[in-house]
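Derivation of every value follows stated rules applied to the coordinates shown; laboratory data play no part. All values reported here derive from a predicted model rather than from experimental measurement. A quick note on method: Cβ atoms are made from the backbone with ideal geometry, for glycine too, and the neighbour counts reach across all protein chains shown.
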Amino acid sequence: MVWIILIAPAVILILIGYWQLVITEGVYLGPKVVTLLYDWTARRYDRIKDFNAAEEAYFLGRPLAMALGNYTRPRVLDVATGTGRLPQTLLGQPTFDGQVFGLDLSASMLRIAEQHLTLHTERAGLFVAPAARLPLADDQFEAVTCLEALEFFADGQVALNEMVRVLRPGGWLLITNRVGWEARLMPGHTWSRAQLIEILRGLPITDISVRPWQTYYDLVWARKRDVMRDASYFPFTNYVVDSH
């Protein structure tokens, strides 16, 4: 019994540390801690995530290239780009002739992204910037993306507002929303599907579509409202569509 009393505090501290540093990736400790953790893991990040190039192209690269097919040299902004996951798959699509700009707070992650994008240096740009204060003018991009990152921002809704601000009318918004069981361990930083749709409805956003993706996420597509554009067009199928 004595040993249980002695060990219990250490076990509790270990569990708290695992929750703070692994599951929530330091989000409750502030942006500097989150950035530091990503800097530390930058060289191992791709091995940890084990991205599958074919799946990335199927779910992300090809649908986004198709959605942007009516634009001439479209500009895409990838928020919290990390090691350049989205730029890699999109620039690898033969039908995409535009540019992709990726931003992140982790300079170490961006250095890895730069290595991945050496074949596309003329069409890719990377820079350090916070998602909550994008150093960009309004209505600049035909698409804005943010994958597996909203829950790790200090204020996800502020970041989402910024993404919509720099998106041009009629442009595409592609984000993920964490909805797996681990989302319950991040109170104040995750939204249910219904909550996210309600937040998007409060923005100049229309044609919201949601699809379960991977294990812990929804993949969410939407467009910035544009009264001049034609009826909705979706380059994918089997999505739940909300056109409000």
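Would you check if ILE175 is crowded, with 20+ Cβ neighbours inside 10 Å and either over 27 Å from GLU55 (Cα atoms) or among the hydrophobic types (A, V, I, L, M, F, W, C) (or both)? Considered against the rule, which asks whether it is crowded, with 20+ Cβ neighbours inside 10 Å and either over 27 Å from GLU55 (Cα atoms) or among the hydrophobic types (A, V, I, L, M, F, W, C) (or both), ILE175 comes out as yes. Can you tell me which residue in segment 182-197 is surrounded by the fewest Cβ atoms within 10 Å (Cβ to Cβ), limited to those that are over 21 Å from LEU60 (Cα atoms), of a type outside the set (A, V, I, L, M) and in contact (Cβ under 8 Å) with a residue 24 or more places away in the chain? Per the stated criteria, the residue is GLU182. Scanning segment 107-156 for residues that are among the β-branched types (Val, Ile, Thr) and surrounded by fewer than 21 Cβ atoms within 10 Å (Cβ to Cβ) gives ILE112, THR118, THR121, VAL128. The residues on offer are TYR38, TYR45, and the sole one that is under 17 Å from the mean Cα position of the chain (by Cα), surrounded by fewer than 21 Cβ atoms within 10 Å (Cβ to Cβ), closer than 20 Å to GLU182 by Cβ and not aliphatic (A, V, I, L, M) is TYR45. Only helices (runs of 4 or more DSSP H) whose full extent lies in segment 76-189 are considered here, and the ones with at least 2 residues that are closer than 21 Å to THR41 by Cβ are 85-91, 107-116.
Conditions tested, residue by residue: (1) without any contact (Cβ under 8 Å) to a residue 12 or more places away in the chain; (2) out of contact with any helix residue (DSSP H, G or I) (no Cβ under 9 Å at 6 or more places or on another chain); (3) of a type outside the set (Ser, Thr, Tyr).
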{"site": "VAL76", "(1), (2), (3)": "no, no, yes"}
{"site": "ALA80", "(1), (2), (3)": "no, no, yes"}
{"site": "THR83", "(1), (2), (3)": "no, no, no"}
{"site": "SER106", "(1), (2), (3)": "no, no, no"}
{"site": "HIS116", "(1), (2), (3)": "no, no, yes"}
{"site": "GLU122", "(1), (2), (3)": "yes, yes, yes"}
{"site": "LEU126", "(1), (2), (3)": "no, no, yes"}
{"site": "PRO135", "(1), (2), (3)": "yes, yes, yes"}
{"site": "VAL144", "(1), (2), (3)": "no, no, yes"}
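Residues in segment 200-228 that are in contact with a strand residue (DSSP E or B) (Cβ under 9 Å, 6 or more places away or on another chain) and of a type in the set (Val, Ile, Thr): ILE205, THR206, ILE208, VAL210, VAL220, VAL227.
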